[in-house]
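The values are calculated or read from the model by the stated rules, or taken from the named source; none is laboratory data. Predicted model, so just to flag it, every value in this text is computed and none were measured. So basically every Cβ, Gly included, is an ideal-geometry build from the backbone, and we count neighbours across all protein chains shown.
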Amino acid sequence: MLNRRFMAVSALVAASLGAAAQAPTPLKEAYKGDFLIGAAINTPQITGQDSRGDAIIEAQFDTISPENALKWERIHPKPDTYDFTLADQYVAFGEKHHMFIVGHCLVWHNQVPDWVFRDDKGNFVDRATLLKRMHDHISTIVGRYKGRIQSWDVVNEALNEDGTLRQSPWLKIIGEDYIAKAFQYAHEADPQAQLTYNDYSLENEPKRNGALALIAKLKAQGVPVTSVGLQGHDSLTWPSVEDQDATISDFAKLGVKVVISELDVDVLPSVTHQQTAEVSLKVQQEPKLNPYANGLPQSVQQELAQRYADLFRVYLKHRDVVTRVTFWGVTDGDSWRNDWPVKGRTSYPLLFDRSGQPKPAFQAAIRVAADAKTK
Ligand code: XIL
């Protein structure tokens, strides 16, 4: 252990001494032995059309998530049509680089075609029909990538902000047990796969309590939930370090692992009174909502670096239960935050800038890992 630490520290010292040719320590090396570090990757990255992005992914990350490639509307656009082209390339990319491959996501209320819930006349189908469709979808996709996709986001965003179950078509048509069924079907299709309940804003107490009750209930019923995904669509001030810390501890007590599944930190003005990541939200663009269109001031750059350091210190503190930290995108230019919830803003939420260079926030994240290893 000491030896390993010594070697890791020497490597970092060597890197920071900055022999010109020496590349900085990659994130995945800095956090080796703590948790995996990942990124959600997009179509150009999956298909090799973004060579600059691919080079960053290969160098920095040991796990990938598909930003959109495996969502229902992409992979199963019509009742009898599955399109695996992009998903196959995504999995092949991960295998080529020996990465831990995440599947996202099986059951969600967004990016799912309307036909899933309706009959020929446009009415909602009955419970048995929707359960069958859900089963076909899950068994086909999880079955196809059995043993190759190591972790699935089985149910995404089933909760309201007050912790009650969201009135999605899944809930309305099937009833509360749609969640348990989805996990059972996924487990049947690949008994080895890690299975995650994934959601945003679980750091807020009412929603967190709802999620804790949900997971406790599923575990009591023997439903194979292995982890909770805290999406981590954060801001400079939300969640507080204390809330992040308490949230991870609370889920750990239930005996599930915690993953930070979609991390990004927004520096732009907030347009909602409550922190959300509801993708259907749309807010009109106004110049005052896009203050850094010509670049990020140094002061905000430093604030972002500090914020990332604070968050990574919390994740590290819980390295026994946090198994993975995945960024939702590679560079700032790739981020969904440029178009959500306001279209056409210039956002700076990630660790690599628009030209693919590491930002001060990158160095801050590396420093947190190095400091922990010298202690
Ligand atoms: C986002 C993608 O990043 C966008 O490209 C897409 O247009 C909408 O979805 N929570 C999730 C992710 O679980 O799937 C969402 O991804 C972001 C919020």
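Worth a mention:
- Residue match in segment 73-82 (condition: surrounded by 13 or more Cβ atoms within 10 Å (Cβ to Cβ), of a type in the set (A, V, I, L, M), at pLDDT 95 or above and over 21 Å from Ala180 (Cα atoms)): yes
- Qualifying residue in segment 283-290 (condition: touching a residue at least 24 places away in the same chain (Cβ under 8 Å), under 30 Å from Ser51 (Cα atoms), crowded, with 19+ Cβ neighbours inside 10 Å and of a type outside the set (Asp, Glu)): no
- Enumeration of residues in segment 129-149 that are surrounded by fewer than 16 Cβ atoms within 10 Å (Cβ to Cβ) and assigned to a loop (DSSP other than H, G, I, E, B): Lys146, Gly147, Arg148
- Strands (runs of 3 or more DSSP E) fully within segment 150-263 that include at least 3 residues being surrounded by 22 or more Cβ atoms within 10 Å (Cβ to Cβ): 151-156, 194-199, 227-230.
- Candidates in segment 83-98 are the residues that are farther than 22 Å from Phe183 by Cα and surrounded by 21 or more Cβ atoms within 10 Å (Cβ to Cβ); of these, the one that is farthest from the chain's Cα centre (by Cα) is Phe93.
- The set of residues in segment 233-245 that are within 23 Å of Leu350 (Cβ to Cβ) and without any contact (Cβ under 8 Å) to a residue 60 or more places away in the chain comprises Ser235, Thr237, Trp238, Pro239, Ser240, Asp243.
- Pick from segment 335-361, criterion in a helix (DSSP H, G or I) and under 21 Å from the mean Cα position of the chain (by Cα), ranking: surrounded by the most Cβ atoms within 10 Å (Cβ to Cβ): Ala361
- Which listed residue, of Asp83, Asp50, is more than 25 Å from Val325 (Cα to Cα), away from the ligand (no atom under 13 Å from the Cβ) and in contact with a Pro (Cβ under 7 Å, 6 or more places away or on another chain): Asp83
- Tally, over segment 335-373, of residues that are within 13 Å of the ligand (Cβ to nearest atom) and touching a helix residue (DSSP H, G or I) at 6+ places or on another chain (Cβ under 7 Å): 3
- Test set (1) more than 23 Å from Glu29 (Cβ to Cβ); (2) surrounded by fewer than 19 Cβ atoms within 10 Å (Cβ to Cβ); (3) touching a helix residue (DSSP H, G or I) at 6+ places or on another chain (Cβ under 7 Å) - Gln298 fails condition number: (3)
- Within segment 271-294, not a single residue is within 16 Å of the ligand (Cβ to nearest atom), in contact with a His (Cβ under 8 Å, 6 or more places away or on another chain) and not in a loop (DSSP other than H, G, I, E, B).
- Checking each residue in segment 129-157 for being within 16 Å of the ligand (Cβ to nearest atom) and in contact with a Leu (Cβ under 6 Å, 6 or more places away or on another chain) picks out Trp152, Val154.
- Pairs meeting the criteria (first residue in segment 135-155 and over 21 Å from Ile179 (Cβ atoms) and at pLDDT 95 or above, second residue part of a helix (DSSP H, G or I) and small (Gly, Ala, Ser), beta carbons under 7 Å, at least 6 apart or on different chains) are Lys146/Ala189.
- Conditions (1) at pLDDT 95 or above; (2) under 20 Å from the mean Cα position of the chain (by Cα); (3) part of a loop (DSSP other than H, G, I, E, B); (4) of a type outside the set (D, E, K, R): number failed by Thr326: (3)
- Residues satisfying the stated conditions in segment 99-128, i.e. more than 26 Å from Ala158 (Cβ to Cβ) and either surrounded by 14 or more Cβ atoms within 10 Å (Cβ to Cβ) or within 16 Å of the ligand (Cβ to nearest atom) (or both): Met99
- Residue tally, condition within 16 Å of the ligand (Cβ to nearest atom), under 17 Å from Leu268 (Cα atoms) and of a type in the set (Ser, Thr, Tyr), over segment 225-241: 1
- Summed over segment 193-224, residues that are away from the ligand (no atom under 16 Å from the Cβ) and of a type in the set (D, E, K, R) total 4.
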